[in-house]
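What follows is a single structure, written as structure tokens, with notes after it.
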Amino acid sequence: MSGGSSRRRVAATGGREARKRATRRLRFRQTSKPNDPRPRLLVVLVLFLVVGAGFVALLVDLQATQSERSEDLRLRGEAQRTKTRELAGSRGDVFDRDGFVLATSTTTHQVLADPTMVEDPEATARLLAPILNVDVGELATTLRGESETDRWALLTRSLSASGVDRINSLRQEGHDDLLTGIFLEATESRVYPAEALATPVVGRVDPDDQGIFGIEAQYNEAMSGVPGQMEFEASRFGSISVADWKIDPAVEGFDVRLTLNHRLQFVAEEALKAQCESTGAAGATAVASDPRTGEILAMAGVARNDEGICVVPRHNAALVWAFEPGSVIKTITLAAAVEELGWSAETMVDVPPRVVVGDKAFVDHPPHPTAPYPLGQVLANSMNVGTIEVAKAVGPAQVHTYLERFGLGGPTGIGFKGETSGSVRPLDDWWGSDAGSIPIGQGITVNATQLAAAYNVIASGGFYRSPYLVQSLEAPDGTVHAVDTGPGRPVLSRRAADELTDMLTQVVDYGTGRPAAIDGYKVAGKTGTAWKVFEDEDGGFNYGSNGDRRYVSTFAGFAPADDPRISIVVVIDEPTLGSTTASAVAAPVFSEIGEYALRSLGVNPATVVGLDQHPDGLVRAEPARVSEAETALG
Amino acid sequence: MTAALLDRAEPAINRSATPAIAPSNRPSAGPGRQPSHLRVLDQSAARRRARLRAALGFLFFAVLAGFFGVAFVHAQLVAGQQHLDDVRTQIRDLEADRAELIQSVEQASAPHVIVNRAKTELGMVSPETPVYLAAVDAPEVVFPNVVSDELPLVDEPAPNPSVNVVASAEELVNVQVSLGQRGGISGRAESDITGLQVAAGQASEVSANSASDTLLPSISSLAGLQVDAAPEQVSAAGGQG
């Protein structure tokens, strides 16, 4: 029995345990049923709390960011996505009076290289040298760089558009590997279409587009444009289409319109070059102007370079070179007598063979006895003694006054950088032979433009008008700012001016200025052959001695004499070959320039030449010299 | 064995469990008692859910369409921007070409280039001495502001009418002179610039069929026209050489 009950007890105990386990399982199953949302809610709640806590943290951080680092972050953000591109403010152009472009700016390309990226410098050099127009060897050297770490080399500062096209074509033709490390950068460069024409006047700019001399320097501020800037948002793939663009437009510089006539300028330069070569001169300069206004129509200069060739230099000799003018000043001395003493061309002047002033004796060539000469002949024959006698008559004070009234010894008003005012010493500083030498043009210095302005006084009927080179400044919006030269000032009476014109006409008609004559026109002018001070072997400055002198030969005049339209001053510096007189070397250049100027200005000739040679009634046509080229053309 | 235990235990568990559905909603399983796991479907709720699903579906597709729309517009913008960039590039290229052409013209207009071309390509030479010829019908020519009162007028018209002064008062002259076997020299501003071969004082256009036509007998008159003739012209005119 006990065994059986024991088994029953055991069985009963085992059954309770089993039921408990089953119940636990069932409860578990019950709680895990899909319809019970509590576990999921719990999970969501936890996640929500976590995310919420994260958001709170972010909000706190955002608040801190916005309040404390907002500006810094904004700037960093803008810097990352904002790109800027400079908009070039073009430099103004330089025109002549007719609109011919003497200087302009154009977009070209710099070609740069990173030598560390160029794998085969020799092959790349062979490829690029013809395009860049440089030596292959030199280019290869440049491409190798100065050192292994050299990462920048300028191959050319200005490459034309066709050159850019050729390089781009090379890239498309599969030369990319050889062009690796070669970069093109658009840049603005200054161009002078007429090349050396009027270089001393127009000037040049440095690589940074800043004028270094000439008009380019004088008007640098006005001509320089102000660069603009374009800001846009861009990603690594390029500009963002819908983003904002901010453009600060560039401001272009003013254009400068000169008074020069580029054709007359060319003719003057060519004439000076030819004369410089044929006379063996060190240089030459010429100024042509309109006596009615003071406008300078041509301002030319040439100088012999180191290779012995006369070329257009950079310095503007017509304004920056002061020289002793010699006998061309006699006109001003006589002007004082005509104006102050009422003398005329027929007034007789007793002229001795020599006159002593201070420590020097002055004579005439050729020698002559004491005799009365008409004032006109004194000028026509350029008589030193006669002019000094006239100066004595008017007195040194008047001579000095008239030199200044004619604009000598002072600035021309052009304002050209480096311009010289020359030197006309105050009367108190005259000493020794000055009262004799200054009236004949020694002992003072002038520049060619001053001399032109002085002769314009006579040509214009007695008014001094400041010479000027710039006609107007033209703003980018088309506004024209004319340069005001001010009113002229009276220097001579009309009678005196006409009297002097007659005397100057005699100089060309039968005096020393005959080579200055222009067929068909009446020309008035004066020669001047001055001794030039130079440094001798001992380091001293003097005029040298006979047989060892240097000269400055000048011709100043205007035409037509009765209604002057052009005045021209020609100065030949140190002619050495053949005759060195102004009559021989300067006057012919005046004639050449003047003949062209009158024709181009449309001035009709007053007389017809060569008519007597054609009784059959036909006008003679001079044969032109047949050149080889013309002969070949048949 | 275990299954039997579970079957017996289930009623107890169900009794202790919270009913999932309210008794009133339970479908009746028989005449006296409804089964706890069944319920009657509410048709209106089903309809509401269907409408909700439809609305959600519509909203989904609307949003999707909106996204596509935005993408399309953006693509259009990008394409437009690309086109704009292309046009800008084209403008830049054309402006560069224009600048280069202008520069070429300016360089070709430079006096030294003209003179060089005149001498080397056209065989023109500088005249030794200019000679002034009177134009036929000169009285008809008007030279405003430049003709001096002292200039003589033409007394008689020259017999050859083939020289025609057709305009005046232009600074840049246009002179065309046909010369014998050379077939003609034509000079415009270049001639005026260089003074080569053909030059004119004030008359603007002169045309002649031959050298002799150009050389006029009316030497007492002067209209400011000067012609420097080629050798052929000289021989035709009987002038000196």
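A few notes on this one:
- Candidates per trypsin sites (Lys or Arg not before Pro) in region A:131-178, loop by DSSP, up to 14 other Cβ within 10 Å: A:Arg151
- Taking every residue in A:593-605 and counting other chain Cβ atoms within 10 Å of its Cβ, the average works out to 6.
- Three-way shape label, region A:85-132, alpha-carbon gyration tensor, a/c 1.5: oblate
- Value at 222 nm in deg cm²/dmol, rounded to 500, when DSSP H runs of n ≥ 4 in chain A each add -39,500 (n - 2.57): -11500 deg cm²/dmol
- For region A:277-436: rounded, prolate or oblate by the Cα gyration tensor [a/c cutoff 1.5]: prolate
- Pairs of Cα atoms farther than 25 Å apart, region A:183-301, %: 47 percent
- Carbon plus sulfur fraction of accessible area for region B:43-112, probe 1.4 Å, in percent: 69 percent
- With viscosity 0.692 mPa s and temperature 37 °C, the Kirkwood radius over alpha carbon pairs of region A:290-351 converts through Stokes-Einstein to a diffusion coefficient of 211 µm²/s.
- For the peptides A:447-457, A:281-291, residues were scored by their other Cβ atoms within 10 Å and the scores averaged per peptide; the highest-first order is A:447-457, A:281-291.
- Accessible area per residue for region B:70-112 is 73 Å², calculated with a 1.4 Å probe on protein heavy atoms, without ligands, DNA or RNA.
- Sparse packing (at most 14 other Cβ atoms within 10 Å of the Cβ) combined with a DSSP loop state is found for the following GluC sites (Glu not before Pro) in region A:162-263: A:Glu173, A:Glu195.
- Against chain A, whose longest principal axis is taken from its Cα atoms, helix A:384-394 shows a tilt of about 90°.
- Averaged over the residues of A:257-264, the number of partner chain Cβ atoms lying within 10 Å of the residue Cβ comes to 2.
- Chains B and A together bury roughly 5400 Å² of accessible surface, counting both sides and using a 1.4 Å probe on protein heavy atoms.
- Charge tally for A:Val363 (other residues, Cβ to Cβ under 14 Å; Lys, Arg +1; Asp, Glu -1): 0.
- Radius of gyration and Dmax over the Cα atoms of chain A, both given in Å: 44.1, 192
- For A:Ala516, the shell of other residues with beta-carbons less than 15 Å away shows a net charge of -1, using +1 for Lys and Arg and -1 for Asp and Glu.
- Environment charge at A:Arg257 (Cβ cut-off 10 Å; Lys +1, Arg +1, Asp -1, Glu -1): -4
- By average C-beta atoms within 10 angstrom, highest first, the peptides A:38-46, A:305-313: A:305-313, A:38-46
- Those GluC sites (Glu not before Pro) in region A:532-592 that DSSP places in a loop and that have at most 13 other beta carbons within 10 Å: A:Glu537
The values are calculated or read from the model by the stated rules, or taken from the named source; none is laboratory data. As the structure is a computational prediction, the values presented were derived from the model and not from experiment. Methodologically, a virtual Cβ is constructed for each residue, glycine included, from the backbone with ideal geometry; neighbour enumeration extends over all protein chains shown. Surface areas here come from the heavy atoms of the whole protein model, side chains and all, with no ligands, DNA or RNA. Shrake-Rupley method; radii C 1.70, N 1.55, O 1.52, S 1.80 Å.
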